[in-house]
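Structure, as structure tokens:
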Amino acid sequence: MKLGKTQPVQRLNITTAINSIGTTTAPFFVTVVMFSGISIANVEIKQLLMPFMLLIVCLVLVTFVTQRIHLPDIAHTRAAVGEKLERSIWSFRHFALGVAAIFFYVGTEVAIGANINLHAFELEDSGHPVTFFGRTDIIIGGVDLGIHALLSTLYWGGFLVGRSISSFFGNISARTQLVTTTILATILAVLAMLTQNLWFLVVIGLLHSTMWSCIFSLSIKGLNKYTSKASGLFISAVFGGAVFTLVQGGLADVLGSWRWTWCLTVVCELFMLTYALFGSRIREKDRID
């Protein structure tokens, strides 16, 4: 598969699939390797010191390496040296709405991965534990791997699988992919609330896998010399992951349960669907020759 013959969304899915390796293995690594199946309620502060120190070392090493990597500029994606851009990047409607869409996307993406295990604990305390092929626990070598950690692992694993597979979809546009995945994700979120079956939320990981690439591709399409600046501003919207995770937690406290808090996921999916159908279309006055 030659790079020049692929769509932008394909190339993004290839690179983000590599990123998904970390998010897939992290829940299992933390639960089994670092804490050996210890319940989160029994984890002590002193047990976190060494993992945090190792994380800091890794961040320093990554920063050191990336600073020394030279990446060539892509033609026609930034203004010439000394050139002043005539318009504000926010004046492009499809870009501005795309930033909002990625805010909602990262919000629900992270909220599911972070809170699904808390919902599982709630179900277990109420006498309705989550089962995996009829089992309520997974014990290997005397270590309880935990169904709760498995939920997050498989959810993030869906990103890895979905991005890897979708990288071969050369004939399916970003808009079509985003419309299809958001509709299906909305249906699954509703089913999860009605049935309290958290495996419907896990499957959403497969659908979420390509949304980042689709929204990004649609947002910067046709921006030409504004593309570089737009890309930098686009990344700033990822703080939605912190916002929606906390909002959902607060909503769970108010409602007394996690069950109906997944309405936030439905809202996010519908916003992205609206963006795919209408907001991502480039207005005539936003077209750059």
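Values in this text are rule-based calculations from the coordinates and carry no lab data. Since we're looking at a predicted model, the values are computed, not measured. Every residue, glycine among them, receives a Cβ derived from its backbone with ideal geometry; neighbour counts consider all protein chains shown.
Of note:
- When only alpha carbons are used to place a centre, region 225-281 and region 148-201 end up 15 Å from one another.
- Shape category assigned to region 156-199 from the gyration tensor of Cα positions, a/c cut at 1.5: oblate
- The equivalent ellipsoid that matches the C-alpha gyration tensor of region 186-264 spans semi-axes of 32, 16, 8 angstrom, in descending order.
- Listed peptides 99-111, 158-170, 245-257 appear in the order 99-111, 158-170, 245-257 once ranked by packing, highest mean of other Cβ atoms within 10 Å at the front.
- Cut-off 12 Å, label 7 Å out along Cα→Cβ of ASP125, residues of region 235-254 by amide N: 253
- Spherically averaged projected area in nm², based on the convex hull that wraps the Cα atoms of region 223-269: 3.9 nm²
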